[in-house]
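What follows is one structure encoded as structure tokens, with my remarks underneath.
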Amino acid sequence: MQKLEALGWGPSFRKQLEIFCHNGPNSVDLSPARVMIEYQDRYQLIGADGSFWAQLSGNLRRKATDDRLCRPAVGDWVAVRPGRKDDTATIAHLFERRSRFVRQAAGRRGEAQVVAANIDAVFVVTSLNRDFNVRRIERYLTTVGESGARPVIVLNKVDLCSDPGPFLDALAAVAPDVPVLLVSALERHGLAELRVHIKRGETVALVGSSGVGKSTLINWLVGRAIQAVGDVREDDGRGRHTTTHRELIVMPDGGILIDTPGMRELQLWSGGDGVKDTFAELEELATRCRFRDCSHQGEPGCAIVAAVESGQLDRGRLASYFKLKREHAFAERRQDEGAKRAERRRWKHIIKANRVRKRITGR
């Protein structure tokens with residue numbers, strides 16, 4: 001089991017496997033594996049004997065249709081039944097996740113998309129050029145706060161910036177307790193600082209906009225070119241988008257990385273506690289307001305309005321706080337609607353199954 005432990009396997013997953021094998025039918029042949037790549041309905045997994053391909057069982061496929069959170073994602077641990085001879089293996093069970101980076105999937109139905117599962121840390125990668133946006137970083141930190149992982153801000157392409165001081169000052173104002181690393185994959189600066197946050201058996205996901213250099217950083221950390229990278233555009237100093245799918249990568253000397261495609265948008269899926277953690281100073285200020293139900297929109301005795309007027313609180317920071325709070329409330333409403341749709345689908349399956357049973361048995 002030493003190799004599995006190097007992949008992130010631990011006591012909580014071992015206990016889940018024992019319980020499932022004890023209660024599940026025909027479970028003696030099940031073995032644990034971790035999702036490396038998801039290709040629609042096919043998965044590349046890695047286990048004690050190396051990597052192989054698998055597909056979902058019928059039961060898991062039905063669950064994933066009703067709830068996308070039940071669909072295995074990159075980083076998930078699953079229980080696998082081997083195929084016969086050269087047949088594809090079957091994923092029979094999805095283990096409960098320790099953590100998950102979730103965003104709202106694109107579209108109008110308000111469904112969740114698990115970007116990475118069972119992660120210990122998230123590198124929020126941005127570059128020290130026109131891509132740097134403190135409001136976007138607040139959004140990422142909010143989602144990381146909900147995930148259960150620890151955030152690390154990685155400022156890449158420091159070679160393009162003559163003075164990183166203003167960027168560091170901006171981050172100190174919004175994320176004073178989050179580690180900030182200055183790196184340059186091109187000049188090979190900051191590798192030791194990155195490795196400090198990637199421990200053996202732990203998983204780190206890299207997230208950020210397209211072209212900030214996530215794939216280049218992964219090639220640098222692994223020590224060889226395993227991810228395609230693009231040239232930097234002259235007009236805006238950004239790299240060309242190259243990563244098209246999420247992928248789990250095992251480092252030769254310990255640690256696991258998850259590369260993700262650049263995100264054009266990051267809509268909150270939950271965000272309640274994440275907003276509170278990211279804007280902790282605003283939450284603390286709100287406790288000083290005269291009224292408990294203060295909306296911070298001009299009521300008398302509002303501590304937040306007073307902080308803005310005195311210059312203690314940046315207006316942009318407050319606007320970002322309000323925006324993410326509204327988005328969180330909207331996401332919750334959409335989740336409720338999605339849960340109702342899933343419940344209706346579940347009852348349709350039950351009614352259909354009962355009709356089939358009656359036709360077969362006559363009762």
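The values are calculated or read from the model by the stated rules, or taken from the named source; none is laboratory data. Please read all numbers here as calculations on a predicted model, not as lab measurements. Note: ideal-geometry Cβ built from the backbone for every residue, glycine included; neighbour counts use all protein chains shown. The protein model used for the area step is the full one, side chains on, heavy atoms only, and it has no ligands, DNA or RNA in it. Shrake-Rupley method; radii C 1.70, N 1.55, O 1.52, S 1.80 Å.
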Inset, instruction - Please find, within region 118-148, the residue that is surrounded by the most Cβ atoms within 10 Å (Cβ to Cβ) out of those that are at pLDDT 95 or above and assigned to a loop (DSSP other than H, G, I, E, B). - result: N118
Inset, instruction - Under 9 Å between Cβ atoms, at least 6 apart or on separate chains: pull out the pairs that start in region 316-335 with a residue that is at positive phi and end on any residue that is open to solvent by less than 30 Å² (accessible area, probe 1.4 Å) and outside any helix (DSSP H, G or I). - result: none
Legend entry - Residues (among the polar types (S, T, N, Q) and either closer than 22 Å to V102 by Cβ or buried (at least 16 other Cβ atoms within 10 Å of the Cβ) (or both)) located in region 72-90: T90
Legend entry - All positions within region 45-71 that are open to solvent by less than 40 Å² (accessible area, probe 1.4 Å) and either small (G, A, S) or within 24 Å of A6 (Cα to Cα) (or both): L45, I46, G47, G50, A54, S57, G58, A64
Inset, instruction - Determine the pairs where a residue that is in contact (Cβ under 8 Å) with a residue 12 or more places away in the chain and of a type in the set (D, E), located within region 31-56, has a partner that is surrounded by 19 or more Cβ atoms within 10 Å (Cβ to Cβ) and in a strand (DSSP E or B) with Cβ atoms under 7 Å apart, the partner being 6 or more residues away or on another chain. - result: D41/L56
Inset, instruction - Can you work out which of the residues in region 244-260 that are assigned to a loop (DSSP other than H, G, I, E, B) and open to solvent by less than 20 Å² (accessible area, probe 1.4 Å) is modelled with the lowest pLDDT? - result: G254
Inset, instruction - Could you tell me whether any residue of region 161-173 is part of a strand (DSSP E or B) and either under 19 Å from the mean Cα position of the chain (by Cα) or hydrophobic (A, V, I, L, M, F, W, C) (or both)? - result: no
Legend entry - Which listed residue, of I153, I198, is outside any loop (DSSP other than H, G, I, E, B) and modelled with pLDDT of 90 or more: I153
Inset, instruction - Counting only residues that are of a type in the set (D, E), at pLDDT 85 or above and open to solvent by less than 70 Å² (accessible area, probe 1.4 Å), give me the helices (runs of 4 or more DSSP H) lying completely in region 261-348 with at least 1 of them. - result: 280-286
